[in-house]
Amino acid sequence: MASTPVLPKLVGARIKRREDPRLIQGRATYVDDVKIAGMQHIAFKRSDIAHGRIVSVDVGAAAAMDGVEAVFTGAHIAAMLEPLPIATPFPSPPHRAVAVDVVRYGGEPVAVVVARNRYIARDAVDAIQVEYEPLRVVVDPELAMTGQPTVIHEAFPNNLAVPLVPSGTGVSADGKTVDDSAIDKAFAQADVVISQRMMNHRLVPNAIESRGVVAHFEPGKAMLTVWSSTQNPHILRTLIAAMTGLGQNQVRAIAPEVGGGFGSKINIYPEEYVAAVLSKHLELPLKWIEDRSEGFVATTHGRDIIAYVDVAARRDGRVLGLKMRLIADIGAYNMLLTAAIPTLTMMMANANYDIPAIRTTLTEVFTNKTPTDAYRGAGRPEATYFVERAMDMLASELKMDPAELRRRNFISPAKFPFATQMGAVYDSGDYEKALNCAVEAADWNGLKTQRDAWRREGRLVGLGLSMYVEVCGLGPSSALPTGGWEHAQVTIERDGRISATTGASPHGQGNETTFAQMLADQFGIPIEHITIHHGDTAVVKQGIGSFGSRSQAVGGVAVHMAGAKVKAKMAKFAAALLEAHEDDIVFEQGRIGVKGAPASAKSFAEVSGYAYVPVPLPVGLEPGLSEEAFFEPTNNTYPFGCVICMLEIDRETGEPRLLKLVAVDDAGNLINPLIVEGQIHGGLAQGIGQAMVEEALYDEDGQLLTGSFLDYALPRATDFPRFELHATVTPTPVNQFGAKGVGEAGTLGATPCIVNAAVDALSGFGITHVDMMLRPEKLWRIIQGAKA
Amino acid sequence: MIPAAFEYVRATSLDDAVAKLKAAGSGAKLIAGGHSLVPLMKLRLSEPRVLIDVGRIPDLVGIRERDGKIVIGAATVHSDVAASPLLQERCPVVAEAAGMIGDPQVRNRGTVGGSVAHADPSADMPAVLIALNAEIHVKGPGGWRVVMAHDFFQDLFTVNMAPDEIIAAIQFTPAKVSAYAKLFQRASHYAIVGVAAALEVKGGTIVSARIGLTGATSYARRLTAVERALADRPLSKDTIAAAAELAAEGLEGINSDIHASVDYRRAMVPVITRRALQGALARA
């Protein structure tokens, strides 16, 4: 394998996604398109209160309805299904797929109906009578930490899912010994200390395709097939097998077309286990499709972390110390990765900066809300937001240009690989290059002049700047309980076409295009001759899945490795056919020949055909051309970038409007810049969305007030100016493509950039911070407050 | 998001619809675009027994001019209203407001009559009809009835119509000097405060003005104090600014929700009123 990054010819080209025609023409197959003879439908009765003891569940009327196959209470399900497994190392209260004694959030399943069709199933749900004894509800994590007014899980007296965990300078690797001298000294020496409580509020992921599952147990074969809208069918298979008592050889998981996930489809949910276990129990194929209303409460939420941030700095802008006390509101239960997500916020507390002393602590708290888990960025946008807001506050306090302040604190390019105090090893980076690119592309100084001119006209215009660095390409295996590798198999078919498989099961990443681009270059054949298969554990032998921006940096590398293996074998067949040495074989333009003798070259198909009818069989070779590879990365990758924006707030209404946004992203070498830009566009939209329009709000009774698109806003195209995108290229040494990952990047820099701009716009009103989201009334009150 | 069971019938004419509605009795609902009703049914907040589809009755669709007035069929979709050259030219407030409703999907399916009959307190069209002093033409078993817009909207989701009546058309005298402005909530794009203004101007003087307000209170209403402050005054920025200041005076029953408090809504009423009037001024 070459140690320096290689960039062959289709790699790097702006090729349109091969997936898109079928997706936009309605010709794709999603879970809800799967229909099996005799299939019955599942619907869940869900708790409409946030906390209560179940006194009784009367399913009699529902069970008696025509067309209802069966109705199950939590106790019935508990007899068939162990509590839900999690993949984090923290202690966790038992979590039943269907509540048995107590419901702990609005939307928690309390009974299951199986019926002939979805309509009957829904009617039967209405016929189930549940009586609750209401319990006190807690929605404020800082109150919940005191154990008041209620304890959600008996064994966790102060509702602490994860008690105070320290990390950073002076903290031993096991977290058990803590030496405060360095961090205390940093703050003692500081000219300036900035302290701010910040809220990174809760979001609803809202993939365009809701969740869904079809489970089909075939007793004659003792095989269970599970179709699910999931990001990781192999993890699904592993856990479904464990929970149903079947071997992994008896479970086939299929992720058909998946209409987005944003991290919310990593988790394996109660509905998936229930469908699987009931299909086995009833020996019937079963389908459950999530309503959008269910999706708001039954699919994991994202973010919801409070940070108390303190920054110590010298007057020249050099940051000496950073403290970050994190309180994560994880909702009512631990899901698969819930408890791990805020640890990523701790891990990325350095952001882009060389900070001599850092101390973070993390507390995770149960509340009566929908559980949280990964959401695009998963812990890193939170870290970026807290640090980048604090850096802007410091710049403002020091009356220093925000770009200049950051410049003075960057980790210098000479220091990479850079081991942070938080346990990360940043692979490669040149942060000043990205900053300079953004400052130049946006004309930062020109924007300042423009802002000041508009301000003189009375307009409330602000400029925002944010850096980001994120951790992508997850693994390695030491960092993921599932294993952190990825698997691929590349098969040259008899006709010279290529079928390849990847375990990085895409849900919008475009792997069918990018991986084919790589193979086309590797073999010198047209991309049209290559098909990438994914999402079916019977086709894709092994895999982990798509999350943590790992598709290319881990999955893509595995494809290339498998390709290299099969290419070496193919060269041996070609050498035999051409009576040459395998080292002299070249693959070019769909032909395989001997170096320097192009006339003798055989077609790709001819060599392929020979490998499958090898007469004579070359000595030492087995017939066929199919090889697989596992790629285990040695480290994560750490892409980075800079976002600059200009925003105006309507002085009369408080409405914010984004006027300009420039984003510079450095994801290393790019396989397909068009797809990369698409990923960045989506990420920016979600990052801006969090700052400006999206917020999951609960009332004191634990009712989700934003439980539909009537009240929960998603950003629209009309909310945005044209994004101006630029790239710098700092390849990673971690993989041979030098590619870092980009799926989540957009969400990191955009959010603090917007809030920084809003605070700048309101700087004349005596404020130094405003919590997201930028609700017009909130901004109007700041403006009014200053008038009074 | 699965509605309860219902019957579905399609009406072929207005009279057929009236007959079917009468025959179906209580528990029947009319449906055209369905963009207010269907979400309620999916949430099972509304469980009609029978749906009578009036969306495909030819006479109920279209925008035409008749005797100096403009008539919009009740089943005309918002996107057709927004794109109507007749309305854009002769009565821009209607096209403007229709173009701000919801999103393209809602505008392509939702109808004027449906919006008016549903009377959502945040809907845009009620304010417009009030500003235009529009007639709402209603047919029932007893024949035709004409209700003026300002008498039509009575309370939250409550209108001056019997359960067996159907809106057939909206009719109004076009007002060239007219505009709609709204502050909308980001999720639904419904109005937090929406104001429609229609002015009659002669020789630089405002002869009369009608102002319709939506979003702020439980139902759409006139802002008569503003109207009086505009009448017989020169059409100018100053007149408008002074009149708009009166917009929230005496306003009671102001809505409050997670998107906007009473205080904020009250403060926005004069702001949006002024913006609507400025929009109208630009068309004088």
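What about A:Gly702, is it of a type in the set (Gly, Ala, Ser), farther than 19 Å from A:Arg380 by Cβ and away from chain B (no Cβ under 14 Å)? Judged against the criteria, A:Gly702 is a match. I'm trying to understand the selection: among the residues of segment B:159-192, which are more than 30 Å from B:Gly142 (Cβ to Cβ), among the β-branched types (Val, Ile, Thr) and touching a helix residue (DSSP H, G or I) at 6+ places or on another chain (Cβ under 6 Å)? Correct list: B:Val177 only. Where helices (runs of 4 or more DSSP H) fall wholly inside segment B:171-284, no range has 3 or more residues that are of a type in the set (Ser, Thr, Tyr) and more than 23 Å from A:Glu655 (Cβ to Cβ). Within 10 Å of chain B (Cβ to nearest Cβ), under 19 Å from A:Gly462 (Cα atoms) and buried (at least 19 other Cβ atoms within 10 Å of the Cβ), is that true of A:Gly654? In short, yes. Number of residues in segment A:195-204 that are out of contact with any helix residue (DSSP H, G or I) (no Cβ under 8 Å at 6 or more places or on another chain) and surrounded by fewer than 23 Cβ atoms within 10 Å (Cβ to Cβ): the value is 3.
Residues are listed down the side, and each one gets a yes or a no for (1) surrounded by fewer than 24 Cβ atoms within 10 Å (Cβ to Cβ); (2) touching a residue at least 24 places away in the same chain (Cβ under 8 Å); (3) of a type in the set (Val, Ile, Thr):
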site: A:Lys323; (1), (2), (3): yes, yes, no
site: A:Gly331; (1), (2), (3): no, yes, no
site: A:Pro342; (1), (2), (3): no, yes, no
site: A:Thr367; (1), (2), (3): no, yes, yes
site: A:Tyr375; (1), (2), (3): no, yes, no
site: A:Glu382; (1), (2), (3): no, yes, no
site: A:Tyr385; (1), (2), (3): no, yes, no
site: A:Arg389; (1), (2), (3): no, yes, no
site: A:Asp392; (1), (2), (3): no, yes, no
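The condition of being within 14 Å of chain A (Cβ to nearest Cβ), farther than 27 Å from B:Ile52 by Cα and at pLDDT 95 or above holds for only one of B:Ala209, B:Ala187, B:Ala198, B:Ala179, that being B:Ala187. You will find that of A:Ala571, A:Ala564, A:Ala538, A:Ala599, the residue that is within 22 Å of A:Ala739 (Cα to Cα), surrounded by fewer than 24 Cβ atoms within 10 Å (Cβ to Cβ) and not β-branched (Val, Ile, Thr) is A:Ala564 and no other. Here A:Ala750 passes the criteria (1) buried (at least 16 other Cβ atoms within 10 Å of the Cβ); (2) in a loop (DSSP other than H, G, I, E, B); (3) not hydroxyl-bearing (Ser, Thr, Tyr) except the one numbered (2). Criterion applied to A:Leu336, A:Leu326, A:Leu322 was being farther than 29 Å from A:Ala713 by Cβ and not in a helix (DSSP H, G or I), and the one residue passing it is A:Leu322.
If you filter segment A:766-788 down to residues that are of a type in the set (A, V, I, L, M, F, W, C) and buried (at least 16 other Cβ atoms within 10 Å of the Cβ), you find that the one that is farthest from A:Ile194 (Cα to Cα) is A:Trp780. For A:Phe709, the conditions (1) within 13 Å of another protein chain (Cβ to nearest Cβ); (2) buried (at least 24 other Cβ atoms within 10 Å of the Cβ) all hold with the exception of (2).
Among residues that are over 30 Å from A:Ile49 (Cα atoms) and either within 14 Å of chain B (Cβ to nearest Cβ) or assigned to a loop (DSSP other than H, G, I, E, B) (or both), A:Val742 is included. If you go through segment A:766-788 and keep only what is closer than 20 Å to A:Asp310 by Cα, out of contact with any helix residue (DSSP H, G or I) (no Cβ under 6 Å at 6 or more places or on another chain) and within 14 Å of chain B (Cβ to nearest Cβ), you end up with nothing.
Okay, residues lined up against (1) under 18 Å from B:Ala196 (Cβ atoms); (2) in contact with a strand residue (DSSP E or B) (Cβ under 7 Å, 6 or more places away or on another chain):
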| residue | (1), (2) |
| --- | --- |
| B:Ser36 | no, no |
| B:Leu87 | yes, yes |
| B:Ala98 | yes, no |
| B:Pro104 | no, no |
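Set side by side, the residues A:Asp184, A:Asp140, A:Asp123 differ, and just one is more than 14 Å from chain B (Cβ to nearest Cβ), acidic (Asp, Glu) and over 34 Å from the mean Cα position of the chain (by Cα), which is A:Asp184.
Scanning segment A:732-769 for residues that are of a type outside the set (Gly, Ala, Ser) and closer than 19 Å to A:Arg459 by Cα yields A:Ile754, A:Val755, A:Asn756, A:Val759, A:Asp760, A:Leu762, A:Phe765, A:Ile767, A:Thr768.
Within segment A:723-739, being of a type in the set (A, V, I, L, M) and under 19 Å from A:Pro476 (Cα atoms) holds for A:Val734, A:Ala739.
Within segment A:718-733, residues that are more than 14 Å from chain B (Cβ to nearest Cβ) and buried (at least 17 other Cβ atoms within 10 Å of the Cβ) sit with their Cβ atoms under 9 Å from residues that are assigned to a helix (DSSP H, G or I) and of a type in the set (Val, Ile, Thr), at 6+ positions apart or across chains, in these pairs: A:Phe723/A:Ile680; A:Leu725/A:Val676; A:Leu725/A:Ile680; A:Ala727/A:Val676. Show the residue pairs meeting these rules: Cβ distance below 7 Å; 6+ apart or different chains; first residue within segment B:232-260 and free of Cβ contacts under 8 Å to residues at least 60 places away in the same chain and within 13 Å of chain A (Cβ to nearest Cβ); second residue basic (Lys, Arg) and surrounded by 19 or more Cβ atoms within 10 Å (Cβ to Cβ). That search, which allows pairs on different chains as well, returns B:Ala241/B:Arg274; B:Ala244/B:Arg274. Residues in segment A:307-348 that are in contact with a Phe, Trp or Tyr (Cβ under 8 Å, 6 or more places away or on another chain), of a type in the set (Gly, Ala, Ser) and farther than 25 Å from A:Gly702 by Cβ: 2 in all. Taking first residues from segment A:62-75 that are charged (D, E, K, R) and partners that are crowded, with 17+ Cβ neighbours inside 10 Å, the Cβ contacts under 7 Å between residues at least 6 apart in sequence or on separate chains come to A:Glu69/A:Gln40; A:Glu69/A:Val114; A:Glu69/A:Ala115.
When the residues of segment A:623-651 are filtered to those that are closer than 30 Å to B:Ile272 by Cα and more than 14 Å from chain B (Cβ to nearest Cβ), the one that is nearest to the chain's Cα centre (by Cα) is A:Cys645.
Strands (runs of 3 or more DSSP E) fully within segment A:160-264 that include at least 3 residues being over 30 Å from A:Gly317 (Cα atoms) and in contact (Cβ under 8 Å) with a residue 12 or more places away in the chain: A:160-168, A:212-218, A:223-228, A:251-254.
Has segment B:215-223 got any residue that is of a type in the set (Lys, Arg) and buried (at least 17 other Cβ atoms within 10 Å of the Cβ)? There is at least one residue in segment B:215-223 that is of a type in the set (Lys, Arg) and buried (at least 17 other Cβ atoms within 10 Å of the Cβ).
Does segment A:265-279 contain at least one residue that is away from every other protein chain (no Cβ under 14 Å), assigned to a helix (DSSP H, G or I) and touching a His at 6+ places or on another chain (Cβ under 8 Å)? The answer is yes, given that some residue of segment A:265-279 is away from every other protein chain (no Cβ under 14 Å), assigned to a helix (DSSP H, G or I) and touching a His at 6+ places or on another chain (Cβ under 8 Å). Here A:Pro715 qualifies as on the phi < 0 side of the Ramachandran plot, within 12 Å of another protein chain (Cβ to nearest Cβ), within 21 Å of the chain's Cα centre (by Cα) and not polar (S, T, N, Q).
The values are calculated or read from the model by the stated rules, or taken from the named source; none is laboratory data. Keep in mind the model is a prediction, meaning the values are calculated, not measured. Cβ coordinates were reconstructed from backbone atoms using ideal geometry, including for glycine residues, and neighbour counts include every protein chain displayed.
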